[in-house]
1. Identify, by number, the condition in (1) within 18 Å of residue 88 (Cβ to Cβ); (2) among the hydroxyl-bearing types (Ser, Thr, Tyr); (3) at pLDDT 95 or above that residue 219 doesn't meet.
2. Of all residues in the range 155-187, which are farther than 25 Å from residue 123 by Cα, part of a loop (DSSP other than H, G, I, E, B) and not hydrophobic (A, V, I, L, M, F, W, C)?
3. Tell me, please, whether a residue that is within 16 Å of the ligand (Cβ to nearest atom) and in contact with a Pro (Cβ under 7 Å, 6 or more places away or on another chain) can be found in the range 177-188.
4. Consider residue 174 against the criteria (1) among the β-branched types (Val, Ile, Thr); (2) closer than 24 Å to residue 89 by Cα; (3) surrounded by fewer than 22 Cβ atoms within 10 Å (Cβ to Cβ); (4) more than 10 Å from the ligand (Cβ to nearest atom): it satisfies all of them except one. Which criterion is unmet?
5. Go through the range 189-228 and count every residue that is of a type in the set (Asp, Glu) and more than 10 Å from the ligand (Cβ to nearest atom).
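The values are calculated or read from the model by the stated rules, or taken from the named source; none is laboratory data. Bear in mind the structure is a predicted one, so any value in this text is a computation, not a measurement. Cβ sites come from the backbone with ideal geometry, for glycine too, and all protein chains shown count toward neighbours.
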Amino acid sequence: MVLRGAAPPGDNGAMRIVILTGAGISAESGVSTFRDAGGLWEGHDVAVVATPQGYAADPDLVQRFYDDRRRSLADVEPNAAHLALARLEGELGDDVLVITQNVDDLHERAGSHRVLHMHGELRKALCELCETRSPWQGDLADRPPCPDCGTAALRPDVVWFGEMPYYLEKIIEVLEGCEVFVSIGTSGEVYPAAGFVAQARAVGAHTVELNLDASDTASMFDDVRGGPATELVPAWVEEMLAAESRE
Ligand code: OAD
């Protein structure tokens, strides 16, 4: 297994509440989802902009695609759902971990610290030569040098189809210790993330889906709630904190 990058947060054992987020949590901030009408994949060929082969064939096009997405992060803000999850972590600390498929930084900007970006981050660049992941705010299409080794070999630090997601060993470990597993704003179409609910169920976790529409894996959850994340997530966080204060 290829696990690039620095040690993830949450190395101190099992997490009680594991939260998986997808594009739907950022939709109300103005970030496009992938598969909804008007979503990111509608106007783009996934094989061209989200595979190593597409990048090899036309690196300039792919760099410009991610440069545009990185720039657009300056125009969006965390919403009530991101803020509610940050509040949950603020109250419960090490008992909470967010695993996100999103490459935006809205969880962090909302105040969450315990976040694993399993599909990478737009605001990082990955050096293809030395494999260093560097914080990155600007464009990559003009081939800047790697801050670490100086080689002009930087690509977006985004996991493409056919590549290994980050932190899988850590994720499996926390799923094995989780008591509550919540999936927010994800269609359940992309593995391995779509399989996490099964792993959480296998250890007896209570499983909750919060999504605009029922996902492909909705039947796997104990509790399925439909609606916008900015309404469902703050309400669910209130419930969790009220339950915690009664314990
Ligand atoms: P999708 O676009 O597949 O799914 C977004 C989900 O969010 C859908 O189920 C929507 O119903 C739901 N949704 C939309 N608006 C919402 C809202 N306001 N509140 C709550 N839910 C809402 O996005 P992901 O599941 O995140 O991977 O996609 C998974 C992966 O597929 C992405 O990380 C990306 C993509 O290919 C890579 O690029 C490797």
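1. For residue 219, the failing item is (1).
2. As a first pass, look at the range 155-187 and keep what is farther than 25 Å from residue 123 by Cα: 172-182.
Subset that is part of a loop (DSSP other than H, G, I, E, B): 177-179.
177, 179 - these are the residues of the range 155-187 that are farther than 25 Å from residue 123 by Cα, part of a loop (DSSP other than H, G, I, E, B) and not hydrophobic (A, V, I, L, M, F, W, C).
3. Within the range 177-188, the first condition is being within 16 Å of the ligand (Cβ to nearest atom), and the residues that meet it are 181-188.
From what is left, the residues that are in contact with a Pro (Cβ under 7 Å, 6 or more places away or on another chain) are none.
No: zero hits.
4. Against the list (1) among the β-branched types (Val, Ile, Thr); (2) closer than 24 Å to residue 89 by Cα; (3) surrounded by fewer than 22 Cβ atoms within 10 Å (Cβ to Cβ); (4) more than 10 Å from the ligand (Cβ to nearest atom), residue 174 comes up short only on (3).
5. 2
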